[in-house]
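What follows is one structure encoded as structure tokens, with my remarks underneath.
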Amino acid sequence: MIRVVKDNIDLGWEEWISLPSINLPAIKAKVDTGALTSALHAKHIEVFKVNKRRYVRFEVSPLPEKPQLVISCSAPLIGTRNITSSNGKTEKRHCIKTLIELAGREWEIEISLTDRISMQYRMLLGRTAIEPGMTVHPTESFLNGNPRKDLYRKRKKITPKSRRVLRIALLTREPNNYSSKKIQIASELRGHQVEKINPTRCYLDVDTDNPKIYYDGKPLPKYDVVIPRIGASITSYGLAVTRQFQLTGATSINDPQAIANSRDKFLAHQLLASAGIDIPVTGFASSSRDTKGIIDVVGTIPLIVKLIESSQGRGVILAETKKAAEAVISAFRGLKANFLVQEFIKESKGEDLRCLVVDGKVIGSIVRLSQGDDFRSNLHQGGIAEATTISRKERAIAVRAARALGLSVAGIDILRSNRGPLVLEVNSSPGIEGLEKTLDIDVAGEIISFCEKQLGIAS
């Protein structure tokens with residue numbers, strides 16, 4: 001786009017314009033002095049509120065020749081207007097004010113939103129948008145140049161003008177816990193809207209052309225981002241709900257398959273091992289009758305016996321003798337439960353590291369310490385947290401572990417052993433309370449900033 005400022009500007013009857021505030025770097029507009037107001041093609045128009053201010057969300061297909069290119073937009077709503085189109089039909093439309101860039105100038109115009117899918121031009125530039133000093137030449141086209149062909153391939157570049165309000169779906173069955181509350185606060189401080197949704201109250205319409213999600217019997221609107229914080233007990237259905245949000249156009253901070261990778265402890269350890277990441281010696285079994293064989297895989301006593309579906313330190317038992325290990329395995333076998341047997345890293349002394357990785361970087365680390373005779377350092381099991389400095393190797397292994405499972409946001413648990421750092425577990429829905437309170441950092445804010453980055457808007 002030409003950006004040379006001049007006193008008098010010549011416009012053709014059709015021009016490429018930019019609407020940077022709503023993330024539209026180029027749209028072909030008909031310059032129509034016969035129309036009073038400007039109009040923009042919009043689909044799926046929805047009104048919502050953030051901090052009592054009304055906004056409107058809509059989707060634009062800016063290029064008629066590329067209907068698959070759909071841009072999600074949002075802007076403050078200034079009201080509704082009764083507008084009469086060229087065919088004499090009066091229609092009530094939502095109206096916004098937004099910046100326009102054309103011929104090196106930038107100014108604010110009012111635009112009405114309407115479905116122009118049948119029109120040749122997705123934008124109509126009316127006479128109230130034409131500033132003094134501008135002359136329209138009805139026989140000329142594109143007097144102010146054409147956009148780069150790769151402009152929309154690079155549309156995710158963050159600029160201050162591309163900021164917009166996000167509608168965020170937070171999937172959780174615990175809307176009042178610390179993590180849920182802080183994510184909501186961090187979102188609202190940045191001007192975004194968060195809606196807490198219990199995935200077990202959703203049902204799905206898996207339609208090829210128009211997939212939908214119903215919540216308590218009512219269809220949910222479209223969201224920009226979904227943040228899945230799914231409990232282990234509902235992993236399968238929670239992931240199905242997350243995938244459905246993706247089908248409706250939302251971006252998930254963690255891909256459902258990556259979450260599945262982390263929840264399947266067998267698969268997670270296989271992926272970590274295949275990536276060359278050191279882990280404690282681990283054997284897996286499905287109600288194995290060969291008790292001795294599975295113990296021999298680890299080869300040392302004491303050892304850990306852990307239910308595959310365990311979380312927050314529950315279902316994790318330290319067997320200090322071979323006989324005790326056999327008894328625990330026998331009990332798990334009776335439950336027909338999948339379990340793992342893992343070496344006990346004695347030198348860790350009941351301590352482990354929790355490293356939080358966001359977008360390929362460790363944003364914070366704490367050391368968790370067990371209390372009393374309990375070997376488990378989980379904060380939910382009475383462990384305490386302290387700030388710590390991690391080594392370059394520990395930082396690198398945390399980032400590699402998240403990458404090996406495909407996670408953008410992850411809590412990586414690491415044991416310090418005599419042979420170096422060992423990845424114990426990878427959590428796709430890490431709690432943030434321990435990190436925030438121990439380190440005095442805004443973990444929730446970092447997660448929302450990552451959401452903004454994913455959507456290509458300014459923070």
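Some points to look at:
- Residue count, the range 332-360 (criterion: of a type in the set (D, E, K, R) and under 34 Å from the mean Cα position of the chain (by Cα)): 4
- In a residue-by-residue description of the range 112-124, the property of being closer than 22 Å to Val56 by Cβ, of a type in the set (Val, Ile, Thr) and either surrounded by 16 or more Cβ atoms within 10 Å (Cβ to Cβ) or free of Cβ contacts under 8 Å to residues at least 40 places away in the same chain (or both) applies to at least one position.
- Looking only at residues in the range 157-172 that are over 16 Å from Ala250 (Cα atoms) and either modelled with pLDDT of 95 or more or not charged (D, E, K, R) (or both), the one that is surrounded by the fewest Cβ atoms within 10 Å (Cβ to Cβ) is Pro160.
- Single residue of Ala273, Ala260 found to be at pLDDT 90 or above and either within 28 Å of Gly350 (Cβ to Cβ) or of a type in the set (Lys, Arg) (or both): Ala273
- Contact map, the range 238-255: first residue free of Cβ contacts under 8 Å to residues at least 40 places away in the same chain, second residue assigned to a helix (DSSP H, G or I) and not basic (Lys, Arg), Cβ cut-off under 7 Å, separation 6 or more or different chains; pairs are Leu239/Pro256; Leu239/Ile259; Leu239/Ala260; Arg243/Pro256; Ser252/Thr242; Ser252/Phe245; Ser252/Gln246.
- When residues of the range 316-331 are limited to those that are touching a residue at least 24 places away in the same chain (Cβ under 8 Å) and over 22 Å from Ala268 (Cβ atoms), the one surrounded by the fewest Cβ atoms within 10 Å (Cβ to Cβ): Ser330
- Any hit, the range 58-66, residues being closer than 28 Å to Leu166 by Cβ, among the β-branched types (Val, Ile, Thr) and modelled with pLDDT of 90 or more: yes
- If the condition is being surrounded by 23 or more Cβ atoms within 10 Å (Cβ to Cβ) and among the acidic types (Asp, Glu), then the range 212-227 contributes only Asp224.
- Consider the range 68-90 and keep the residues that are among the polar types (S, T, N, Q) and under 16 Å from Ile27 (Cα atoms). The one that is surrounded by the fewest Cβ atoms within 10 Å (Cβ to Cβ) is Gln68.
- Candidates Ile230, Ile234, filtered to the one that is more than 19 Å from Ile168 (Cβ to Cβ), at pLDDT below 95 and surrounded by 15 or more Cβ atoms within 10 Å (Cβ to Cβ): Ile234
- When the range 433-459 is limited to residues that are of a type in the set (Ser, Thr, Tyr) and surrounded by fewer than 20 Cβ atoms within 10 Å (Cβ to Cβ), the one that is farthest from the chain's Cα centre (by Cα) turns out to be Ser459.
- Residue, farthest from Leu267 (Cα to Cα), within the range 332-367, restricted to residues that are aliphatic (A, V, I, L, M) and modelled with pLDDT under 80: Leu335
The values are calculated or read from the model by the stated rules, or taken from the named source; none is laboratory data. Worth saying up front: this structure is predicted, and the values here are computed from it rather than measured. Positions of Cβ are backbone-derived with ideal geometry, glycine not excepted, and every protein chain shown enters the neighbour counts.
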